[in-house]
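Below: the structure, in structure tokens.
What follows is calculated from the coordinates using simple rules that are stated; it is not laboratory data. Bear in mind that the values here come from a model prediction, so they are computed numbers and not experimental data. With ideal geometry, Cβ positions are generated from the backbone for all residues, glycine too; neighbour counts draw on all protein chains shown.
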């Protein structure tokens, strides 16, 4: 019997590679002024500090729209509120097709009438655009509150 070094290394490399693409939930901001930055993987969008494909414009909202969005999010079956304070929400979202868990943080800045959003996937090297679409869906939902 011949031992093939390449064949035995491949499963180990694949396991390390996949586990390296797993992330833990983001921490709640200490100062409630800045959301955590995205990491190096293309599986996150941040309206406050994202660069390139990880960026999107912040959401525009006054206090009443912020409250309406919070209420709406609490009623969504695939969204789970992890923590909620006056101007901050942290949620998880279960993707409908595959059941992956993603993390969403919303930071409302009343003086600027903006909501900063960080949406990130916990699993996978890429989100295939899911987090960007999620930010835009939140933007559309805010527009529906008119």
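Against the numbered list (1) surrounded by fewer than 18 Cβ atoms within 10 Å (Cβ to Cβ); (2) touching a helix residue (DSSP H, G or I) at 6+ places or on another chain (Cβ under 9 Å), residue 126 comes up short only at (2). Residue 106 meets all of the listed conditions (1) in contact with a strand residue (DSSP E or B) (Cβ under 8 Å, 6 or more places away or on another chain); (2) part of a loop (DSSP other than H, G, I, E, B) but one, namely (2). For segment 96-106, how many residues meet the condition of being surrounded by 22 or more Cβ atoms within 10 Å (Cβ to Cβ) and in contact (Cβ under 8 Å) with a residue 40 or more places away in the chain? Going through segment 96-106 one residue at a time, the tally reaches 1.
For segment 77-98, name all the residues that are in contact with a strand residue (DSSP E or B) (Cβ under 9 Å, 6 or more places away or on another chain), outside any strand (DSSP E or B) and closer than 17 Å to residue 119 by Cα. Scanning segment 77-98 gives 78, 87, 95. When 60, 92 are checked against the criterion of being touching a residue at least 60 places away in the same chain (Cβ under 8 Å), more than 12 Å from the chain's Cα centre (by Cα) and surrounded by fewer than 19 Cβ atoms within 10 Å (Cβ to Cβ), 60 stands alone in meeting it. Here is the figure for segment 131-146: residues that are crowded, with 18+ Cβ neighbours inside 10 Å, out of contact with any helix residue (DSSP H, G or I) (no Cβ under 9 Å at 6 or more places or on another chain) and either more than 12 Å from residue 61 (Cβ to Cβ) or without any contact (Cβ under 8 Å) to a residue 12 or more places away in the chain (or both) total 2.
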